[in-house]
Amino acid sequence: MLVLFETSVGYAIFKVLNEKKLQEVDSLWKEFETPEKANKIVKLKHFEKFQDTAEALAAFTALMEGKINKQLKKVLKKIVKEAHEPLAVADAKLGGVIKEKLNLSCIHSPVVNELMRGIRSQMDGLIPGVEPREMSAMCLGLAHSLSRYRLKFSADKVDTMIVQAISLLDDLDKELNNYIMRCREWYGWHFPELGKIISDNLTYCKCLQKVGDRRNYASATLSEFLPEEVEAEVKAAAEISMGTEVSEEDICNILHLCTQVIEISEYRTQLYEYLQNRMMAIAPNVTVMVGELVGARLIAHAGSLLNLAKHAASTVQILGAEKALFRALKSRRDTPKYGLIYHASLVGQSSPKHKGKISRMLAAKTVLAIRYDAFGEDSSSAMGVENRAKLEARLRTLEDRGIRKISGTGKALAKTEKYEHKSEVKTYDPSGDSTLPTCSKKRKIEQVDKEGEVTEKKAKKAKIKVKVEEEEEEEVVLVEEETSTKKKKKKDKKKHIKEEPVSEEEPCTSTAIPSPEKKKKKKKKKDIED
């Protein structure tokens with residue numbers, strides 16, 4: 001069995017002398033305690049030395065990517081194919097590539113790993129002709145060049161340029177604001193009216209740089225920066241200005257500040273273009289979804305594009321609003337709905353009641369775009385364009401949810417009435433102006449007495465009603481008793497016919513009495529009910 005061993009100096013191929021000892025994996029390290037013992041197990045068959053560090057770097061980068069270098073291919077064809085023996089390899093991926101391209105049987109197992117560890121420990125004794133000092137120097141040079149190569153071509157380190165660019169852009173904005181405020185305030189003592197006429201900061205500085213003293217405005221031409229109407233207004237204001245006189249030295253210092261503002265603003269536009277190009281090259285889908293500035297701020301906040309790709313959609317949604325989040329959690333209030341993503345154009349287009357919903361949907365789609373840009377091999381922005389179109393359609397449906405299309409005869413019913421604004425005229429009530437009491441104490445006492453009398457009268461009326469009802473009940477009882485006595489008398493009349501005249505008079509009187517009494521009772525009942 002042959003063993004392929006890669007060193008910083010070159011490729012080494014060893015021949016295994018005693019394969020029986022390889023079966024004991026746990027005790028294999030004892031066979032490599034000294035160079036003499038190691039030479040009894042393995043022997044160097046061929047050593048292919050690198051000419052310089054560049055060749056070594058090319059060989060190792062190919063090995064890291066799982067590819068075969070031209071130099072290694074030649075060595076394997078010469079020695080391994082002629083020997084017709086299996087090749088032990090430390091990397092399984094490399095073994096698979098060798099098997100595919102050169103049709104050689106490769107072995108990768110824990111025994112091979114232990115054997116490689118033993119060869120590495122006794123490398124100086126097993127590879128003759130290589131000095132330890134040369135080996136260590138070659139190792140150091142290869143490590144430095146390999147790390148530089150990996151940093152140069154690493155995908156997760158390219159976005160550091162975006163992080164630095166967006167940070168510098170924010171710093172430039174702050175500095176520009178400070179400089180322009182100072183410039184306006186300083187020159188305002190000399191010509192205060194100019195600041196009110198020209199609102200644009202860059203135009204203000206350019207005009208100031210060209211003219212200087214306000215007395216020069218009459219002869220100066222400002223048609224490059226200002227329209228004719230504004231130019232005429234500036235010249236008229238310069239003639240009747242209320243500003244103080246300043247020396248030439250003061251004007252020179254103000255002009256130096258103006259040149260600084262103009263240079264910084266020009267550099268800012270150049271930096272913004274650079275940032276746009278970098279964002280479209282590194283994260284095209286994120287740029288389409290949220291714009292280059294918001295995308296760059298998200299990457300800068302997370303640290304890198306890979307770190308941002310590891311975040312969940314809910315985290316990306318509130319990224320940048322950490323203080324508000326922890327404040328809300330501490331005080332047990334509503335957590336924030338958006339952070340840096342609030343400045344995206346889609347969230348800005350939506351109405352206030354839909355901003356939270358749109359920011360949540362935008363964060364979900366943005367996370368997909370970030371992961372596609374970070375881990376995908378394709379560099380097109382097709383996915384971002386498609387997702388943005390879906391979000392815009394969703395936003396339209398949310399905004400137009402109340403207004404639905406109606407077909408047929410329903411259109412007549414769906415017509416809304418014309419809106420007429422009815423303004424209510426409210427008059428001023430002066431009663432609340434004075435703090436003095438409206439009536440005296442004596443009047444208040446009289447009002448209280450009157451109220452007491454009214455309540456007493458009501459109580460008396462209620463008592464009278466109760467008495468009337470009791471009297472009516474007594475009358476009903478008496479009438480019933482009279483009717484019962486009359487019936488008895490009728491029976492007696494039939495028995496005693498002789499007493500007819502007397503008995504006839506009695507019933508007529510008795511029958512005439514109840515009719516008016518009943519009518520009176522009915523009237524009383526109706527009056528009580530009313």
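Each residue of region 18-33 was assigned a 3J(HN,Hα) from its phi angle through the Karplus expression (A = 6.51, B = -1.76, C = 1.60, θ = phi - 60°), giving 10, 6, 5, 6, 6, 5, 8, 6, 5, 9, 5, 5, 5, 6, 10, 6 Hz with x at Gly and Pro.
Would you mind classifying region 283-400 by shape? Square roots of the alpha carbon gyration tensor eigenvalues, ordered a ≥ b ≥ c; an a/c under 1.5 is rounded, otherwise it is prolate if a/b is larger than b/c and oblate if not. Intermediate results must be reported in sequence, preceding the final value.
Values: a/c = 2.30, a/b = 1.19, b/c = 1.94.
Cα axes put region 283-400 in the oblate bin.
Between T221 and S136, the simple spin-label model (points 7 angstrom out along Cα→Cβ) gives 7.7 nm. Phi-derived couplings, Karplus 6.51 cos²θ - 1.76 cosθ + 1.60 at θ = phi - 60°, listed residue by residue for region 188-203: x, 5, 8, 9, x, 5, 5, x, 7, 6, 9, 8, 6, 5, 5, 5 Hz, with x used for Gly and Pro. Summarising the amide proton neighbourhood of C106: residues at separation of 5 or more, or on other chains, whose placed amide H is nearer than 5 Å comprise L87.
Over all pairs of distinct alpha carbons, what does the Kirkwood formula give as the hydrodynamic radius of region 2-153, in Å? It would help to have the intermediate numbers written out before the result.
Details: mean 1/r = 0.0618 Å⁻¹.
The answer is 16.2 Å.
For region 177-263, the ratio of Cα radius of gyration to the globular rule of thumb 2.2 N^0.38 Å stands at 0.98.
Residues whose amide H falls under 5 Å from that of K45, counting only those 5 or more places apart or on a different chain, are I13, F14, K15, with hydrogens built in the peptide plane. Mean projected area of the convex hull spanned by the Cα atoms of region 95-226, taken over all viewing directions: 19.0 nm².
Looking at region 29-134, the GluC sites (Glu not before Pro) that sit in a DSSP loop and have at most 13 other Cβ atoms within 10 Å of their own Cβ are E33, E65.
Give the carbon-plus-sulfur fraction of the accessible surface of region 177-263 in %, rounded to a whole number; probe 1.4 Å, heavy atoms of protein chains only. Write down the numbers at each step before the final one.
Values: 2690 of 5250 Å².
In region 177-263, the share of accessible area belonging to carbon and sulfur is 51 percent.
Karplus-based coupling profile of region 305-320, in residue order and whole Hz: 5, 5, 5, 5, 5, 7, 7, 7, 5, 5, 6, 5, 4, 9, 5, x, with θ = phi - 60° in 6.51 cos²θ - 1.76 cosθ + 1.60 and x standing for Gly or Pro. Taking a sphere under 11 Å around the Cβ of N103 and counting the other residues whose Cβ falls inside, with K and R at +1 and D and E at -1, yields a net charge of +3. Based on alpha-carbon atoms, the Kirkwood radius and the radius of gyration of region 314-376 give Rg/Rh equal to 1.03. A 25 angstrom limit on the alpha carbon distance is what I want to check against. Which of K49/K70; K20/K93; K40/K70; K20/K49; K45/K74; K49/K78 exceed it? Violating the 25 Å Cα-Cα cut-off are K20/K93; K40/K70; K20/K49. Using a simple spin-label model with pseudo-atoms 7 Å out from Cα toward Cβ, T34 and R120 lie 2.5 nm apart. Electrostatic bookkeeping for F225 treats Lys and Arg as +1 and Asp and Glu as -1; over the other residues with beta carbon under 14 Å from its beta carbon, the sum is -3. Rolling a 1.4 Å probe over the protein heavy atoms of region 2-153, with every protein chain left in place, gives an accessible area that is 52 percent carbon and sulfur.
Take D52: with every protein chain present and a 1.4 Å probe, its accessible area is about 80 Å². DSSP bridge analysis restricted to region 1-131 gives an antiparallel fraction near 75%, rounded to the nearest 5.
What number comes out for the charge environment of I254, summing +1 per Lys or Arg and -1 per Asp or Glu over other residues with Cβ under 11 Å away? List each step's numbers first, then the result.
Working: positive: R182, R184; negative: E185, D213, E248, E249, D250.
Once positives and negatives cancel, what remains is -3.
The values are calculated or read from the model by the stated rules, or taken from the named source; none is laboratory data. Everything numeric in this text was worked out from a predicted model, so none of it was measured. As a convention, Cβ positions derive from the backbone with ideal geometry for all residues, glycine included, and neighbour counts pool all protein chains shown. SASA here: full protein model, heavy atoms, side chains in, ligands and nucleic acids out. Shrake-Rupley method; radii C 1.70, N 1.55, O 1.52, S 1.80 Å.
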